[in-house]
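Reading through the structure tokens given below for one structure.
The values are calculated or read from the model by the stated rules, or taken from the named source; none is laboratory data. Small disclaimer: the values here were computed from a predicted structure and weren't measured. In this analysis, Cβ positions are derived from the backbone assuming ideal geometry, glycine residues included, and neighbour counts consider all displayed protein chains.
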């Protein structure tokens, strides 16, 4: 069993590599997006762009939630309006909104003053799906790791929009368990979900979800 890592190691990738070595798991850091002939691996840790390039060559299929998963959750969970539309439709927005790609980072996740501020059709296909959300402020953000129907781990990664590492709160873990119980059947068996309490509402809500691979 081997873990493949990208050319540029983030702090999390470095920690993951150290943990793998402590457990006796071999790691391979690819110098480029090309996979040398004869390279075999069971695990891949990388961002969406690198994963899309090398995962098929390694025989690894990253798992991801359906594009409309977040938009399909009841408002009791999201506490805000979220819709999935094409970027061509989003060009017609005449109000500020938070816009992001459902699963990758092809469209920068940020607040846009209106649809004219989005990447134009010269840079992205008009049928590219995007999630459009009401603008909210998260007091803190937690990353939960869901596997085989349960929340197996979680930690804080941000506070008031700034990097801040720490343990996940009991409320965040409990919310993740409720989310898994109600909608886990609509997710892959292994997935990462980000949640956090909003300053405008005293409730934990899903913030986003990220691509992940099966453990």
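Below are the figures for this structure:
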quantity	calculated
Residue selected from region 17-35 under the condition part of a loop (DSSP other than H, G, I, E, B) and buried (at least 17 other Cβ atoms within 10 Å of the Cβ), by the criterion farthest from the chain's Cα centre (by Cα)	35
Count - residues of region 167-192 that are surrounded by fewer than 18 Cβ atoms within 10 Å (Cβ to Cβ) and either touching a helix residue (DSSP H, G or I) at 6+ places or on another chain (Cβ under 7 Å) or on the phi > 0 side of the Ramachandran plot (or both)	1
Helices (runs of 4 or more DSSP H) contained entirely in region 64-178, each with at least 2 residues that are under 17 Å from the mean Cα position of the chain (by Cα)	69-72
Those residues of region 36-54 which are in contact with a strand residue (DSSP E or B) (Cβ under 8 Å, 6 or more places away or on another chain) and either in the same structural domain as residue 192 (by TED's automatic domain parsing) or not in a helix (DSSP H, G or I) (or both), in sequence order	39, 41, 42, 43, 44, 45, 46
Restricting region 120-153 to residues that are touching a helix residue (DSSP H, G or I) at 6+ places or on another chain (Cβ under 7 Å) and closer than 29 Å to residue 174 by Cβ, the residue that is surrounded by the most Cβ atoms within 10 Å (Cβ to Cβ)	142
Contacts under 8 angstrom Cβ, first residue in region 91-106 being exposed (fewer than 15 other Cβ atoms within 10 Å of the Cβ), partner assigned to a loop (DSSP other than H, G, I, E, B), 6 or more apart	94/114; 95/114; 96/113; 96/114; 96/135; 105/47
